[in-house]
1. Using a probe of 1.4 angstrom, how much of the accessible area of segment 480-608 is carbon and sulfur, in percent?
2. For the pairs Lys113/Lys263; Lys333/Lys534; Lys102/Lys176; Lys107/Lys155; Lys156/Lys343, flag any whose C-alpha to C-alpha distance is greater than 18 Å.
3. Could you tell me how many cubic angstrom of Cα convex hull volume segment 1-201 has per residue?
4. Along the Cα→Cβ direction, 7 angstrom out, place labels at Asp537 and His257. What is the inter-label distance in nm?
5. Suppose R0 equals 25 Å; then what is the FRET efficiency for Asp242 and Ala269 from their Cβ-Cβ distance, rounded to the nearest 0.05?
6. Please list Asp496, Asp598 in order of solvent-accessible area, largest first, computed with a 1.4 Å probe with all protein chains present.
7. Return the lysines within reach of Lys621: Cα separation strictly under 18 angstrom, same-chain partners fewer than 8 residues apart disregarded; answer none if there are no such residues.
8. Is any residue of segment 1-34 close enough, with backbone N under 17 Å, to a label point placed 7 angstrom from the Cα of Gln288 along the Cα-Cβ axis, and if so, which?
Amino acid sequence: QTRSLLGVFEEDAAAISNYINQLFQAMHRIYDAQNELSAATHLTSKLLKEYEKQRFPLGGDDEVMTSTLQQFAKVIDELSSCHAVLSTQLADAMMFPITQFKERDLKEILTLKEVFQIASNDHDAAITRYSRLSKRRENEKIKAEVTEDVYTSRKKQHQTMMHYFCALNTLQYKKKIAMLEPLLGYMQAQISFFKMGSENLTEQLEEFLTNIGTSVQNVRREMECEVENVQQTIEDLEVASDPLYLPDPDTTKFPVHRNLTRKAGYLNARNKTGLVSSSWERQFYFTQGGNLMSQARGDVAGGLVMDIDNCSVMAVDCEDRRYCFQITSFDGKKSSILQAESKKDYEEWICTINNISKQIYLSENPEEIAARVNQSALEAVTPSPSFQQRHESMRPAVQPRAPAARTSSTGSLGSESAALSALSLDSLVAPDTPIQFDIISPVSEDLPGQGKSSGQSGRRTNPFGESGGSKSETEDSILHQLFIVRFLGSMEVKSDESPDVVYETMRQILAARAIHNIFRMTESHLLVTCDCLKLIDPQTQVTRLRFPLPNVVLYATHQENKRLFGFVLRTSGGRVESRQTSICYIFESNNEGEKICDSVGLAKQIAFHAELDRKASEKQKEIDRVKEKQQKELNKQKQIEKDLEEQSRLIAASSRSNQSSGEGQFVVLSSSQSEDSDLGEDGKKKRESE
């Protein structure tokens, strides 16, 4: 706005210069060519009449000036046929004032304009060098030199700008004086030349000229008073603005405003120029409703950068630059990385965009509501009062719902549900429980003290490591759904039977992030399968965390902000190694919280039916094994019976053969019996066995 207004003033100064040059040339003709006095006077009258047709950006509605010049034009037109005036009187009374204005005042404007442009370019160059300071290989000497350069150039630009603006404002007064004084001198010379009593110079005209002279003196006094006030204002501003010349002011003296819903200022935007290369461009950015706009220097209006309704903003580490943050649109398809000039601007931009993303600006008192939201965040981390203080009477306890039940998305996070009426918040979340705001990478799982197996690991480590060399668990899964999520935090909870556990965990994690100014979030891909939930690094495709689906006992989405969702994971081990612990994980998605919960519910249903099918298959296999065993026993029994029948047939055939032998057989049989009697009892048994 300042530069646009400056452009209007500069355009007005150019118009004044153009008009004064024409007026100067007209008066110079009066002075130089007495023989052409009549023609020159007529041209002057004509120019004065055309003043009302001039389009001065700042003086188009000056009716008094226009009427005054019209009166002068009329008189000068009447005097165009009179004698030429004395050259010396014209030189002293007419040419000198307008020459002074043309040669001194207008050239001063041009000189200040050039000086201001040089100072502005020097400031831009200093800011560019300061923005390129490395935060890793930072040299204190170089930093001090660059900071001093920024301070000097900014102070020089500010001082030059104020004097330039003062000269432009003063030009409006000098313009009137420069035009009225020559005309007044011209008319006085005419009166003196023609003497009193001239038909063209009446008493009424003298009175008119006297009034004009008085008006000129009043304008001069007003200008001097205005210049004096402006000079005093410039001195006060120089003293008050000295701390602001530093590029990174002290936040203790200039606190961060976290309740803003509108902000404007210069930011450096990163533009990719290749696969791995990028460049930075400094532009003026401002918010307009729910839109982020940018305007390059010289542009008439700003252009849309991104729709920041329901967007996400987080701090990022960007190459060698400091104070960088990333804005991602609600659908995740567009993102922009920007760099602020100071830590104060950096935090204010993040807070402002975060407030706008919640659509607070649509309310009647947006800053008041933003302050109330931030105050609620401050109060959210205070210790909860006891159950007896919060509730006047105890209600019957609500029956716990089945694990992993989908929850309703109505109500608010801060409201007390029916379950909370009978269950204290202290019984949902373990007291003095630390909050983890970042995901532990797979590399840290092999560190000393973290080598426990699943179910034995600590509460904040990754308890579900991947086994190398094995086939992927998700290859045979019939469900594969991928979502873009950002990890907000996790903490241990006492209960995993009510969705209020997830709501309370969301409240505490969001409040803790607001209190400690934690804006950074780790973006991952959440893969939902019938076996597990996986957090995958979008860059390296490495699995950061793995959650077995049977251990996910509860999941829910925020009741108002559908981008927030969480789930409770039940594991063995924790503060007490002999009991199971429950950990609640909270994420932010791109407006897909309910979809993710529906996907997890579908995965658990598929897994449940798959488990039923597996058990039915195992039972059928057991029945088949029993039948097969019974069939083998039956076949064995039939084989034995068949062998006995075969033996009986052999014995019968042998008996028929012995009967056909006659007496000899009898003698032999008798002999055998007598031998058996001689053998005794043991011999008989041996004989029978033979």
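The values are calculated or read from the model by the stated rules, or taken from the named source; none is laboratory data. Keep in mind that this is a model prediction, so the values were computed, not measured. Heads up, the Cβs are rebuilt from the backbone with ideal geometry, glycines too, and the neighbour counts pull from every protein chain shown. Protein only, heavy atoms only, side chains kept; ligands, DNA and RNA dropped before computing areas. Shrake-Rupley method; radii C 1.70, N 1.55, O 1.52, S 1.80 Å.
1. That share works out to 49 percent.
2. Lys113/Lys263; Lys333/Lys534; Lys107/Lys155; Lys156/Lys343
3. Residue-normalised Cα hull volume stands at 118 Å³.
4. Each label point is offset 7 Å from its Cα along the Cβ direction, giving 4.1 nm.
5. For Asp242 and Ala269, the calculated efficiency is 0.25.
6. Greatest to least solvent exposure: Asp598, Asp496.
7. Lys629, Lys632
8. It comes to 1-5, nothing else.
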